[in-house]
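Visitor: What follows is a structure written as structure tokens; I'll ask about it next.
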Amino acid sequence: MFKKIGPGVLIAAAFIGPGTVTACTLAGMSFGFGLLWALLLSIIATAVLQEMSARLGIITQKGLADAIKSELTTPWIRILVIGIVLAAIVIGNAAYEAGNIGGATLGMNALFGEQYNFYYPFIIGLLAFGLLYLGSYKTLEKVFVGLVLVMSISFLLTAIITKPDILEILKGAFIPKVPKDSLLTIIALVGTTVVPYNLFLHASLVSEKWKKKSDLPLAKKDTVVAIALGGLVSMSIVIAAAAIPGEELANVMHLAKGLEPLYGDSAQYFMGIGLFAAGITSSITAPLAAAYVANSCFGWNAGLKDSRFRVVWMLILGLGVFFLSFGITPIEIIKFAQVANGVLLPVIAVFLLWMVNKPKLMGEYGNTKMQNILGFIIVLLSLVLGIKSIIKVLGFL
């Protein structure tokens, strides 16, 4: 079974980071089960796009940025698109890495206490550094399978212990409603699940794992199962948070406080383990994705152990530890990254849809009519989401 597990589990681990935990906790506390439909749509959109990305990676044996470069023949358009990709992924991941490490730090705080707070970012940084420096895809895969299982069990148990109303959960998941003041939370839920850098990461990783066209069914199953599991974890966090009395969220560990009447002292440990796993997985995948994107954009054709590849992920990881350890919040960089990601998602979704419909590139493995319909709907939704997030960041909303 474990031999059949592929990069899907890394993608699921990548989108369930501290940002997802925070967005899902806020959604549950503020709107109960009312926004589960937005999360369900996000998971479907993620599965559709990631399957296209994985198929492209296996058929072409290229990363997504490589494929875009080879298909864009007009020099200025190619430079513009690759520039946006580099800026959004590499600079963006550097800005968000502090939050990823911060999430894992909160988890360690819950498990081992506050007295060692200063050391936690360095411990997490060293752990991520060691796993990335090994340069072994198989090792990373095994570690991520373990972390995702730990995270899944932790958050699922946290949700089950609240004894939620199943009928209300089904209503929240399948009957779309937009409660008052919920728009920004909906944008946050979608934005934290449908992540542009995962499309680049997935296309690159599948070509490390699978080389033959006959592996496509395995890749599809791996993608759908892993993302469905990731979605279940996200939904579990919303369900657990809905049981918390209506107070303001101080931090995501507040979720554990709200469960103490049901869960006792063990509440903080379950949340701590889940949050640590969410933080450490994203702390590894963000630098890894940035390195793969730089690798494709600059045409290095480098492996995981190549010095140029390592320099990129070391820079992202180092900046994350630095920003967090010295309490620096790079607001302007984060704002830039949010705007760049708002532009990037619809642009990349359009390019991805275009490329998986090219007979010259994909042969008989192009999109079906249904995949194109779903892809077109996702492009429209990502365009609306991108415009809204840009407006929000620029202060008009």
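Visitor: Of the residues that make up region 27-38, is at least one in a helix (DSSP H, G or I) and either of a type in the set (S, T, Y) or closer than 22 Å to V145 by Cα (or both)?
Guide: Within region 27-38, one or more residues are in a helix (DSSP H, G or I) and either of a type in the set (S, T, Y) or closer than 22 Å to V145 by Cα (or both).
Visitor: With respect to G191, determine if the residue is open to solvent by 10 Å² or more (accessible area, probe 1.4 Å) and under 25 Å from K305 (Cα atoms).
Guide: It is false that G191 is open to solvent by 10 Å² or more (accessible area, probe 1.4 Å) and under 25 Å from K305 (Cα atoms).
Visitor: Here's another thing I want to ask about it. Please specify each residue of region 174-187 satisfying the condition of being modelled with pLDDT under 85, open to solvent by 30 Å² or more (accessible area, probe 1.4 Å) and farther than 11 Å from S30 by Cβ.
Guide: L183
Visitor: Residues in region 155-170: is at least one within 20 Å of S382 (Cα to Cα), modelled with pLDDT of 85 or more and among the β-branched types (V, I, T)?
Guide: no
Visitor: Still on this structure, I have one more. Which number in (1) of a type outside the set (A, V, I, L, M); (2) at pLDDT below 90; (3) surrounded by fewer than 23 Cβ atoms within 10 Å (Cβ to Cβ) marks the one condition that W37 misses?
Guide: Going through (1) of a type outside the set (A, V, I, L, M); (2) at pLDDT below 90; (3) surrounded by fewer than 23 Cβ atoms within 10 Å (Cβ to Cβ) one by one, W37 breaks only (2).
Visitor: Is it fair to say K142 is in contact with a Pro (Cβ under 7 Å, 6 or more places away or on another chain), open to solvent by 10 Å² or more (accessible area, probe 1.4 Å) and either within 30 Å of T60 (Cα to Cα) or in contact (Cβ under 8 Å) with a residue 40 or more places away in the chain (or both)?
Guide: Criteria not met by K142.
Visitor: For residues that are open to solvent by 30 Å² or more (accessible area, probe 1.4 Å) and without any contact (Cβ under 8 Å) to a residue 12 or more places away in the chain, scanning just region 351-376, find the one that is farthest from L216 (Cα to Cα).
Guide: Of everything passing the filter in region 351-376, I373 is farthest from L216 (Cα to Cα).
Visitor: Condition check: in contact with a helix residue (DSSP H, G or I) (Cβ under 7 Å, 6 or more places away or on another chain), more than 21 Å from V195 (Cβ to Cβ) and either free of Cβ contacts under 8 Å to residues at least 40 places away in the same chain or polar (S, T, N, Q) (or both). Does Y116 satisfy that?
Guide: no
Visitor: Now a separate question. Tell me, which helices (runs of 4 or more DSSP H) lie completely within region 41-143 with 3 or more residues that are at pLDDT below 90 and over 19 Å from A277 (Cα atoms)?
Guide: So the answer is 64-71, 75-86, 92-112.
Visitor: A further question follows. Does F15 fit the bill of being open to solvent by 10 Å² or more (accessible area, probe 1.4 Å) and among the aromatic types (F, W, Y)?
Guide: no
Visitor: Here's another thing I want to ask about it. Filter region 337-350 for residues that are open to solvent by 30 Å² or more (accessible area, probe 1.4 Å) and not β-branched (V, I, T); which is farthest from I84 (Cα to Cα)?
Guide: Q338
The values are calculated or read from the model by the stated rules, or taken from the named source; none is laboratory data. All of these numbers come straight from a predicted model, not from anything done at the bench. Backbone-built Cβ (ideal geometry, glycine too); neighbour counts: all protein chains shown. Note: accessible area is taken over every heavy atom of the protein model, side chains too, but ligands, DNA and RNA are not part of it. Shrake-Rupley method; radii C 1.70, N 1.55, O 1.52, S 1.80 Å.
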